[in-house]
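Let me begin by presenting the structure, written as structure tokens, before commenting on it.
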């Protein structure tokens, strides 16, 4: 491993830790009623977002679900702007209009935060189609859960993506539960890989708890897509350690199942792999904690949009000369 | 030059394709079949399959893809074969197209045009013929256009493609073979205002879509009976050109609203409410409406005709309203 490679690997660990700590603090702010509405935490699934995003260029498009804080952070959306969005402040990445489930950021080509399960899949096909038509060297990455694979629009989108050979990577995050209903109760055929393959999309199962496995699979898939081989799909086996949202008593799963998965914590695994010294880990944790604290401070200092501008952003405002 | 409503739509599409390389047409059977109603016949041969894209029967999928392509810098024209099928894509239209600009705090606009053919009168029964403009006109974030005339069938698309936001453009299958005079140089038209098609001083017939030519026919009949009716084609159902409605009623002091759509919670309910709110004291008589009868559209011709306003119904309603 070269020094550069090692620095890069250490940064990926830092990103996973940032997501984890950011969300733990977000949950804390939720209990303090600073954040309202729904808050869906990604804790446990960090390796997927970080492992996929590292393969992207600034020209690529990213679409995500309502459990997207991790994707946004890994894509490089500013942590303060994300926290401010969750607070509903106008300094938020969506101007405060979206909240936790609707993070958007034009600078990083982050197209949301979609809270209709599967609703963003055809949009991903369309974005990739636009790139293909305009001969832009970009790919589109679309994250979705295994629950979305039961939606009709998943099947329509897979067919269109394969039919039109668009440069898109579909990343299925199989965290085992569609809200609180296990895969085996929602899919007659639980082999999700076959669902991609059925449409002619080369699809691979990935250990989503292992950052190195996600990186390897993503690098391979994106290389094919960039070569013009058409869409690819990954099924990342993962697990959310925390409840579905903040209103979930977790009646549907056993505590020991959660504990078993926690033994495969992607952060612990990767930290061990990198064999960092105790001092280095401590320094990283402090750095991450400080960054999240700055995000919270930014959100706290944020301002409320005046009610007088309620009607903004319904239609595009005319561009006025300044 | 006399051309059919079908030819007017086709010329609009063709002109838009020639004017802007980002424009492409996609939908079910728009290419090899030539369009379910032969509207796009020959365009595949002229523009190629990259720009005239046949889609599978996946309304949510290809409407969503149109939205994505618009986000990605293209100017898609998405054709939905029949208004009934548009409900399969309603999630994409309402939850994505109409919402993304707002949810993103103004960062992502969606310049897609969705053409939907609709209307009643070809005996296509309850799953292929309705007038569901009001359903779309209720949604903030959408611009909803109704091409009741040949000029609009040809010209609205061109302007809609310049709009930064999603536009729903309704066309009317029952008029496809209808011929009308259209200047050779007819082109892009305004999509912000209603239009007075026939000035009059006794009563305002306020209408859109399939109601336009029927109201014109009724107005011509009324003229022979000494009643001078004005015909106002709303054209833009969202946002409504309220000023024009109020101006017309303030002059004529009487209003009859005509539409094919079901009566309850319709465009006419909205127009009526605004007249009551904004110019009640200008009225010489209560606002009246001639609307679609509230049944799923029946197949037999005589029953189908009875579900929607006919010129004779409009004439009768005017006489009743005016007391003469």
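Within region B:40-53, is there a residue that is surrounded by 22 or more Cβ atoms within 10 Å (Cβ to Cβ) and in contact (Cβ under 8 Å) with a residue 40 or more places away in the chain?
For region B:40-53, residues surrounded by 22 or more Cβ atoms within 10 Å (Cβ to Cβ) and in contact (Cβ under 8 Å) with a residue 40 or more places away in the chain: absent.
Can you tell me which of (1) buried (at least 24 other Cβ atoms within 10 Å of the Cβ); (2) modelled with pLDDT of 95 or more is the one residue A:97 doesn't meet?
Unmet condition: (1).
When you check residue B:8 against the structure, is it farther than 30 Å from residue A:100 by Cβ and surrounded by fewer than 24 Cβ atoms within 10 Å (Cβ to Cβ), yes or no?
Details: farther than 30 Å from residue A:100 by Cβ: yes; surrounded by fewer than 24 Cβ atoms within 10 Å (Cβ to Cβ): no.
Against the criterion (farther than 30 Å from residue A:100 by Cβ and surrounded by fewer than 24 Cβ atoms within 10 Å (Cβ to Cβ)), residue B:8 does not qualify.
Can you tell me how many residues in region A:1-53 are in contact with a helix residue (DSSP H, G or I) (Cβ under 7 Å, 6 or more places away or on another chain), over 16 Å from residue A:243 (Cβ atoms) and in a loop (DSSP other than H, G, I, E, B)?
Adding up the residues that qualify gives 1.
So in region A:232-274, with the set limited to residues that are outside any loop (DSSP other than H, G, I, E, B) and free of Cβ contacts under 8 Å to residues at least 12 places away in the same chain, which one is nearest to residue A:146 (Cα to Cα)? Before the answer, list the steps.
Here is the first cut: in region A:232-274, the residues outside any loop (DSSP other than H, G, I, E, B) are A:232-237, A:255-262, A:266-274.
Now restrict to residues that are free of Cβ contacts under 8 Å to residues at least 12 places away in the same chain: A:255-257, A:259-260, A:268, A:272.
Numbers: A:255: 22, A:256: 22, A:257: 19, A:259: 21, A:260: 21, A:268: 25, A:272: 29 Å.
Ranking the qualifying residues of region A:232-274, first place goes to A:257.
Of everything in region A:154-167, what is under 20 Å from the mean Cα position of the chain (by Cα) and facing another protein chain (nearest Cβ under 10 Å)? Give them in sequence order.
Correct list: A:154, A:157, A:158.
Please specify each residue of region B:158-186 satisfying the condition of being within 12 Å of residue B:111 (Cα to Cα) and either part of a strand (DSSP E or B) or touching a residue at least 40 places away in the same chain (Cβ under 8 Å) (or both). Explain how you work it out, then say what you get.
Looking only at region B:158-186, we keep the residues that are within 12 Å of residue B:111 (Cα to Cα), and these are B:159-168.
Across region B:158-186, the qualifying residues are B:160, B:161, B:163, B:164, B:165, B:166, B:167, B:168.
Go through region A:133-142 residue by residue and tally those that are more than 7 Å from every other protein chain (Cβ to nearest Cβ) and outside any strand (DSSP E or B).
Of region A:133-142, the ones more than 7 Å from every other protein chain (Cβ to nearest Cβ) are A:135-142.
The next check asks that each one be outside any strand (DSSP E or B); those that pass are A:135-139.
Total meeting the criteria: 5.
Is there a residue in region A:113-123 that is modelled with pLDDT under 95 and either under 19 Å from residue A:93 (Cβ atoms) or in contact with a helix residue (DSSP H, G or I) (Cβ under 6 Å, 6 or more places away or on another chain) (or both)?
As a first pass, look at region A:113-123 and keep what is modelled with pLDDT under 95: A:113.
Now restrict to residues that are either under 19 Å from residue A:93 (Cβ atoms) or in contact with a helix residue (DSSP H, G or I) (Cβ under 6 Å, 6 or more places away or on another chain) (or both): A:113.
Scanning region A:113-123, I find at least one residue that is modelled with pLDDT under 95 and either under 19 Å from residue A:93 (Cβ atoms) or in contact with a helix residue (DSSP H, G or I) (Cβ under 6 Å, 6 or more places away or on another chain) (or both), so the answer is yes.
Kindly indicate which of A:230, A:302 is in contact with a helix residue (DSSP H, G or I) (Cβ under 8 Å, 6 or more places away or on another chain), surrounded by 18 or more Cβ atoms within 10 Å (Cβ to Cβ) and on the phi > 0 side of the Ramachandran plot.
Working: A:302 fails: on the phi > 0 side of the Ramachandran plot.
That would be A:230, the only listed residue that is in contact with a helix residue (DSSP H, G or I) (Cβ under 8 Å, 6 or more places away or on another chain), surrounded by 18 or more Cβ atoms within 10 Å (Cβ to Cβ) and on the phi > 0 side of the Ramachandran plot.
Give, as residue ranges, the helices (runs of 4 or more DSSP H) completely inside region B:53-143 that count at least 2 residues that are at the interface with another protein chain (Cβ under 9 Å from one of its Cβ atoms) and farther than 30 Å from residue B:271 by Cβ.
Passing ranges, in order: B:59-71.
Is it true that some residue in region B:151-163 is closer than 30 Å to residue A:142 by Cβ and either modelled with pLDDT under 95 or at the interface with chain A (Cβ under 7 Å from one of its Cβ atoms) (or both)?
The answer is no, given that none of the residues of region B:151-163 is closer than 30 Å to residue A:142 by Cβ and either modelled with pLDDT under 95 or at the interface with chain A (Cβ under 7 Å from one of its Cβ atoms) (or both).
Condition check: touching a residue at least 60 places away in the same chain (Cβ under 8 Å) and under 13 Å from the mean Cα position of the chain (by Cα). Does residue B:207 satisfy that? Outline the logic, then answer.
Numbers: touching a residue at least 60 places away in the same chain (Cβ under 8 Å): no; under 13 Å from the mean Cα position of the chain (by Cα): yes.
In short, no.
Against the conditions (1) within 13 Å of chain A (Cβ to nearest Cβ); (2) in contact with a strand residue (DSSP E or B) (Cβ under 9 Å, 6 or more places away or on another chain); (3) surrounded by fewer than 19 Cβ atoms within 10 Å (Cβ to Cβ), where does residue B:2 fall short? Just the number, please.
Failed condition: (1).
Limited to region A:102-127, what total is found for residues that are over 17 Å from residue A:60 (Cβ atoms), more than 7 Å from chain B (Cβ to nearest Cβ) and surrounded by fewer than 24 Cβ atoms within 10 Å (Cβ to Cβ)?
Here the count works out to 2.
For region A:178-212, name all the residues that are under 17 Å from the mean Cα position of the chain (by Cα), on the phi < 0 side of the Ramachandran plot and either buried (at least 19 other Cβ atoms within 10 Å of the Cβ) or modelled with pLDDT under 95 (or both).
Within region A:178-212, A:178, A:206, A:208, A:209, A:210, A:211 qualify.
Assess whether residue A:210 counts as being out of contact with any strand residue (DSSP E or B) (no Cβ under 8 Å at 6 or more places or on another chain) and under 23 Å from residue A:54 (Cα atoms).
In short, yes.
For residue B:50, are the conditions met, namely being within 8 Å of another protein chain (Cβ to nearest Cβ), over 23 Å from residue B:142 (Cβ atoms) and at pLDDT 95 or above? If you could, list the steps in order and put the result at the bottom.
Values: within 8 Å of another protein chain (Cβ to nearest Cβ): yes; over 23 Å from residue B:142 (Cβ atoms): yes; at pLDDT 95 or above: yes.
In short, yes.
Would you check if residue B:311 is touching a helix residue (DSSP H, G or I) at 6+ places or on another chain (Cβ under 8 Å), within 18 Å of residue B:174 (Cα to Cα), at pLDDT 95 or above and surrounded by 13 or more Cβ atoms within 10 Å (Cβ to Cβ)?
Details: touching a helix residue (DSSP H, G or I) at 6+ places or on another chain (Cβ under 8 Å): yes; within 18 Å of residue B:174 (Cα to Cα): yes; at pLDDT 95 or above: yes; surrounded by 13 or more Cβ atoms within 10 Å (Cβ to Cβ): yes.
Yes.
Would you mind stating whether residue B:31 is modelled with pLDDT under 95, in contact with a strand residue (DSSP E or B) (Cβ under 9 Å, 6 or more places away or on another chain) and farther than 17 Å from residue B:156 by Cβ? Don't jump to the end; show me each part of the working.
Values: modelled with pLDDT under 95: no; in contact with a strand residue (DSSP E or B) (Cβ under 9 Å, 6 or more places away or on another chain): yes; farther than 17 Å from residue B:156 by Cβ: yes.
Taking the combined requirement at face value, the residue does not satisfy it.
Out of A:72, A:130, A:84, I need the residue that is within 25 Å of residue A:232 (Cβ to Cβ) and either assigned to a loop (DSSP other than H, G, I, E, B) or more than 9 Å from chain B (Cβ to nearest Cβ) (or both). Which one? Even if it seems obvious, please write down each step before you answer.
Working: A:130 fails: either assigned to a loop (DSSP other than H, G, I, E, B) or more than 9 Å from chain B (Cβ to nearest Cβ) (or both); A:84 fails: within 25 Å of residue A:232 (Cβ to Cβ).
Of A:72, A:130, A:84, the one residue that is within 25 Å of residue A:232 (Cβ to Cβ) and either assigned to a loop (DSSP other than H, G, I, E, B) or more than 9 Å from chain B (Cβ to nearest Cβ) (or both) is A:72.
Of the numbered conditions (1) surrounded by fewer than 19 Cβ atoms within 10 Å (Cβ to Cβ); (2) on the phi < 0 side of the Ramachandran plot, residue B:226 fails exactly one; give the number of that condition.
Status for residue B:226: all satisfied but (2).
Of the residues that make up region A:163-174, is at least one modelled with pLDDT of 95 or more and more than 22 Å from residue A:230 (Cα to Cα)?
Step one: list which residues in region A:163-174 are modelled with pLDDT of 95 or more, which gives A:163-174.
Next, from what is left, pick out any that are more than 22 Å from residue A:230 (Cα to Cα): A:174.
Yes, region A:163-174 contains a residue that is modelled with pLDDT of 95 or more and more than 22 Å from residue A:230 (Cα to Cα).
The values are calculated or read from the model by the stated rules, or taken from the named source; none is laboratory data. Values in this document were obtained by computation on a predicted structure and should not be read as measured data. Because the Cβ atoms are built from the backbone with ideal geometry, glycine has one as well, and the counts that use them run over all protein chains shown.
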